[in-house]
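All remarks here apply to the structure that follows.
No lab work stands behind these numbers, since they all come straight from the coordinates. Here the structure is a predicted model, which is why all the values come from computation and not from measurement. Positions of Cβ are generated from backbone atoms using ideal geometry, with glycine treated the same way; all protein chains shown enter the neighbour counts.
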Amino acid sequence: MKNKLLSFLKQTAILLLSASLSGLIVGLYQLGMQQIVKVSTFMYSSRSPIILITLIILVAFCAVINQLIIIGDSSIDGSGIPSMKLERRNNVVSKWYKDIPLLIGNSYASTFSGFTLGSEGPSVVLSSKIDSALNRVFKNKDKTSEEISEGAGFGCAFLSPLAGICYAFEESIETKLNYKTILKTLVIIIIAFLTTSLINKNHLLSLSSFETIAFKDYYIFPLLLLINVIFAVIFYKLMLILRGFFIKRKNNFFIKNRSFALFLITFMLNIFIIDYMQSGGKIIASIHENTNFLILVGVLFLRICITAISGSGSVTGGLVIPIMTIGAINGQIISMICSQFFGFNESYFELISLISALMFFGILIHTPLTSTALLYSCIAFVTKDFSIALTVLPIFVLTIFIAYLITSRLFKLDSLYEGMIEISKKAASKVAA
């Protein structure tokens, strides 16, 4: 009896410490990321020769550091989520003491250089690796808490514990659910969120205002479903083709060193079109103001290509916000078409862009409940008016679940992360053979 009590107290203490540390480190990481983005944007926007020369030197330095880090630690390649899941399933011992600082540093380097990758993926990985580190230090075996901590990282990144809980249940937890797991999930994510909210106040989806969509204008939702399903299939296939291609030819000199070309291309794009670059949070917040159809189509294909290329490896950064950015552009394109031909109210554009962003994310990652939770928390965060969120949620839930069923049953698409894991395994086995 005494041993059971001591074991329970030990696991509880580790759980609370893990949640607090996850919230603290992810909060500080997000805070640092905000400053990196400000400095990067300022330098890229400046036309001062001194600042430009300094920027070139710093980006070149980041490119070299990135190459050395990725070669030395492949587990933080890309968002790090597929690699982390694969390590856990193969019972590979995580080198947390190396992975955590390198993940943070290389994510900062990629963001400063202007890559279209986000901070949410690294937040998920950081939280899980922190839990893994504590379990190893205190000799406690608990894979479930590592999985739950992914949800904590997600919830802390978006300042939404509800989204973190949904993400844990939909995407992270692979063991059988029971009341203990559910209770543990609630404790870890809520404590992590309370900790991080004391440090970071910036919501990754910072929009300005929303207006409730009239019922007569709900015809736009089937159109959103159609465009997001089409582009989700395109993006999914492109990501897996590129990832498989790069893994099969990983020993090729040009493929192995492709990050230098990526840094150069990203640098040039940021110099000339910075408004359409970086992770995409600003694009999601402002895309409703862009009414030039040709520019929107051009930015859509630019973001699809550069996100797929950089997200398939050789740099560090998350895919969630970049994926949402593609969805937001889809939403604005559909809104403009409906405005032109059916008199759709322009005051709805901002809400439609957000809805489309979260729909695209939910389709690709197979997280319809997480997308719904994010929509609710984002609207409530901005308006403090829960009635707007509750009004739009039923039609959003219906639409995203239909889209999810179409892509998973008709097109046989798995979650993008699972697809990346499978293509990595297949490509690696062919290389070994």
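Computed values, structure above
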| read-out | value |
| --- | --- |
| Packing rank of 353-362, 55-64, where each peptide gets the mean count of other beta carbons within 10 Å, highest leading | 353-362, 55-64 |
| Over region 151-288, relative contact order from alpha-carbon pairs under 8 Å, at least 6 apart, % | 23 |
| Semi-axes of the equivalent ellipsoid for region 234-332, Cα gyration tensor, largest first, Å | 26, 15, 11 |
| Candidates Ile71, Ile379, Ile199: whichever shows maximal mean-square fluctuation once the chain is modelled as a Gaussian network with Cα springs under 10 Å | Ile71 |
| Three-way shape label, region 287-374, alpha-carbon gyration tensor, a/c 1.5 | oblate |
| Added length on full extension, which subtracts the Cα-Cα distance from 0.36 nm per residue, Val187 to Ser339 | 50.1 nm |
| As computed over region 323-385, the Cα convex hull volume per residue (Å³) | 80 |
| Relative contact order of region 215-432, defined on C-alpha pairs under 8 angstrom at six or more residues apart (%) | 28 |
| Calculated log₁₀ intensity ratio I(q)/I(0) where the Debye formula runs over C-alpha points of region 71-216, q = 0.10 Å⁻¹ | -0.37 |
| Among Thr367, Thr116, Thr181, residue whose mean-square fluctuation peaks in a GNM of the chain (springs only between Cα atoms under 10 Å) | Thr181 |
| Cross-link reach list, aspartates and glutamates versus Lys143, counting only Cα pairs under 14 Å and skipping chain neighbours closer than eight places | Glu87, Asp131, Glu174 |
| Dimensionless Rg over Rh [the chain; C-alpha; Kirkwood] | 0.96 |
| 19 Å Cα-Cα reach of Lys250 towards lysines, excluding residues that sit fewer than 8 places from it in its own chain | Lys425, Lys426, Lys430 |
| Shape of region 178-223, Cα gyration tensor, a/c cut at 1.5 | oblate |
| Rough spin-label spacing in nm, given labels placed 7 Å along Cα→Cβ, for Thr391 and Ala13 | 5.3 |
| Fluctuation leader among Asn140, Asn91, Asn202 - the chain, Gaussian network, Cα springs under 10 angstrom | Asn91 |
| Above-threshold pairs, the threshold being 20 Å between Cα atoms, out of Lys38/Lys384; Lys98/Lys184; Lys10/Lys139; Lys10/Lys184; Lys10/Lys180 | Lys38/Lys384; Lys98/Lys184 |
| Spread of Cα-to-Cα distances over 5 Å intervals beginning at zero, given as percent, for region 215-432 | 1, 7, 14, 18, 18, 16, 11, 7, 4, 2, 1, 0 |
| Sequence-separation-based contact order of the chain, relative, with Cα cut under 8 Å and 6+ spacing, percent | 23 |
| Cα-projected label distance for Ile71 with Leu194, points at 7 Å along beta-carbon direction, nm | 4.7 |
